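All remarks here apply to the structure that follows.
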Amino acid sequence: MLGEYEADHATGMDIRQISEEAFNFTSGYPFLVSRICQCIDEELGKDWTAQGVQDAAKIIIGEKNTLFDDICKNLENNRNLYDFIYGLLVTGDGNGFNIYNPIIDLGHTYGFLKKGTDNKAVVSNRIFEILMYDYFISKDSIPTRRLPGVVRRDVLDGERFDMELCLRKFAEHYAELFNERDAGFIEREGRLLFLSFLKPLINGQGFYHIESQFTDLRRMDIVVDFNSEQFVIELKLWKGEAEHSKAYEQLAGYMDSKNLGTGFLLTFDFRKNVNKHPYAKWIDYEGKRIFDVVV
């Protein structure tokens, strides 16, 4: 399709790069591929670049259409499917892909689920994944207890997003609002709490997505694209000093894959208060800078 378009319009696009970036968001889902191309052609001044694909994905995620209506309706009307996908995305439950599992079969029939690496069930594409996260954020009662005192202007420096300040603000208000009574909830769903804090701060100029292959009970990698800047944030549970040191290595490896020299590590520590030592500091690790936050 892109080859035919380029033959007609001679834009000079890198067809391979555009195809790969579109696939990263859509996994080839026909409607989403066509809609990305339509957005670039009609709404983004024919910006046939990787950034143009990202901007098109941002537009699509923010719009209302019958496909997204059906996704939300089917999740709402099938509690078992809702709980299964919530487990995959929010609490990091690992589930093998077995088409004879009725819930997986239903999700596959709807186009929500596919077989991922290591034979795991995963959400079928990144746009669906972001849509479902946003849906779960809107539905959950505890994350909607808004962390106060932070507005977009606090974390914006011109057109640049201050991720260090964002994480410092999150840590500050997390300590004010949540205590050991909430630990059971946050240990399961702390990542949803953080996303509910992050989402309104980046809306309009940025969006986030989750690296599904790194999502489990122990780890989640979030990638935030804001204007032309990209941030990688790894979310972890505290499992001791040795495991925390390994997190630096994991994050540094992922930063290499993204050609980034700076990364962010957010760790939830659910030990009793007497044993907890929250902090936020920069560290240097093998030539990279990591902003290390423990809450």
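The values are calculated or read from the model by the stated rules, or taken from the named source; none is laboratory data. All figures in this text were calculated on a predicted structure; none of them were measured in a lab. Note that we place each Cβ from the backbone using ideal geometry, even for glycine, and neighbour counts take in every protein chain shown.
Contact map, the stretch 21-47: first residue in contact (Cβ under 8 Å) with a residue 60 or more places away in the chain and assigned by TED's automatic domain parsing to the domain that holds LYS258, second residue crowded, with 18+ Cβ neighbours inside 10 Å and in a loop (DSSP other than H, G, I, E, B), Cβ cut-off under 9 Å, separation 6 or more or different chains; the map is empty. May I ask you to verify whether LYS46 is charged (D, E, K, R), in contact with a helix residue (DSSP H, G or I) (Cβ under 8 Å, 6 or more places away or on another chain) and assigned to a loop (DSSP other than H, G, I, E, B)? Answer is yes for this residue.
Would you mind finding the one in TYR133, TYR86 that is touching a Leu at 6+ places or on another chain (Cβ under 7 Å), buried (at least 17 other Cβ atoms within 10 Å of the Cβ) and either more than 21 Å from LEU235 (Cα to Cα) or of a type in the set (Phe, Trp, Tyr) (or both)? Of the residues listed, the single one that is touching a Leu at 6+ places or on another chain (Cβ under 7 Å), buried (at least 17 other Cβ atoms within 10 Å of the Cβ) and either more than 21 Å from LEU235 (Cα to Cα) or of a type in the set (Phe, Trp, Tyr) (or both) is TYR133. Could you list, in sequence order, all residues of the stretch 233-252 that are at pLDDT 90 or above and more than 17 Å from TRP282 (Cα to Cα)? None - no residue of the stretch 233-252 is at pLDDT 90 or above and more than 17 Å from TRP282 (Cα to Cα), so the list stays empty.
Only a single criterion out of (1) assigned to a helix (DSSP H, G or I); (2) more than 17 Å from SER27 (Cα to Cα) is not satisfied by GLY107, namely (2). I'd like to check something: does the stretch 84-106 contain any residue that is under 23 Å from GLY204 (Cα atoms) and under 17 Å from the mean Cα position of the chain (by Cα)? Checking the stretch 84-106: not a single residue is under 23 Å from GLY204 (Cα atoms) and under 17 Å from the mean Cα position of the chain (by Cα). Scanning the stretch 47-75 for residues being of a type in the set (D, E, K, R) and touching a Ser or Thr at 6+ places or on another chain (Cβ under 6 Å) gives a total of 0.
Can VAL122 be described as outside any helix (DSSP H, G or I), of a type in the set (Val, Ile, Thr) and touching a residue at least 12 places away in the same chain (Cβ under 8 Å)? It is true that VAL122 is outside any helix (DSSP H, G or I), of a type in the set (Val, Ile, Thr) and touching a residue at least 12 places away in the same chain (Cβ under 8 Å). Being among the polar types (S, T, N, Q), in contact with an Asp or Glu (Cβ under 9 Å, 6 or more places away or on another chain) and modelled with pLDDT under 95 is a property that THR11 lacks.
Per-residue answers, yes or no, for (1) assigned to a loop (DSSP other than H, G, I, E, B); (2) at pLDDT 90 or above:
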{"site": "LYS114", "(1), (2)": "no, yes"}
{"site": "ILE127", "(1), (2)": "no, yes"}
{"site": "ASP134", "(1), (2)": "no, no"}
{"site": "ILE137", "(1), (2)": "no, no"}
{"site": "SER141", "(1), (2)": "yes, no"}
{"site": "THR144", "(1), (2)": "yes, no"}
{"site": "GLY149", "(1), (2)": "yes, no"}
{"site": "ARG168", "(1), (2)": "no, yes"}
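If the condition is being charged (D, E, K, R) and modelled with pLDDT under 80, then the stretch 170-192 contributes GLU176, GLU180, ARG181, ASP182, GLU187, ARG188, GLU189, ARG191. Check the stretch 89-106 and report whether any residue there is modelled with pLDDT under 90 and among the aliphatic types (A, V, I, L, M). Yes, that holds for at least one residue. Evaluation of LEU81 against the conditions (1) in a loop (DSSP other than H, G, I, E, B); (2) of a type outside the set (D, E, K, R); (3) in contact (Cβ under 8 Å) with a residue 24 or more places away in the chain; (4) more than 25 Å from GLY204 (Cα to Cα) shows that the sole unmet condition is (1).
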